[in-house]
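Okay, so here's the structure we're looking at.
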Amino acid sequence: MTLSILATWKVVDAEVKYLTALAAKTAGSYSAGYEQLGAAWGITGQGGPQEVAGRRRQGGAR
């Protein structure tokens, strides 16, 4: 049972990656830049999550 669940999650993960790449390609075709894509995905220019980057600026992560 556990292996079948793991196999299912592997398929879901692959599909999500595919759909994410397709959405980014589509956004890029409408002239979305790295800044807009990062904002939509919730990452900073350095590639880290915005929430973590904000905490570092405030004096340290929790």
Calculated FRET value between T8 and A40, using beta carbons and R₀ = 35 Å, to 0.05: 0.80
Solvent-accessible area of L19 with every protein chain in place, 1.4 Å probe, in Å² to the nearest 10: 90 Å²
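The values are calculated or read from the model by the stated rules, or taken from the named source; none is laboratory data. Source: prediction; values computed, not measured. Using ideal geometry, Cβ is built from the backbone for each residue, glycine included, and neighbour counts are taken over all protein chains shown. Heavy atoms of the whole protein, side chains included, go into the accessibility calculation; ligands, DNA and RNA do not. Shrake-Rupley method; radii C 1.70, N 1.55, O 1.52, S 1.80 Å.
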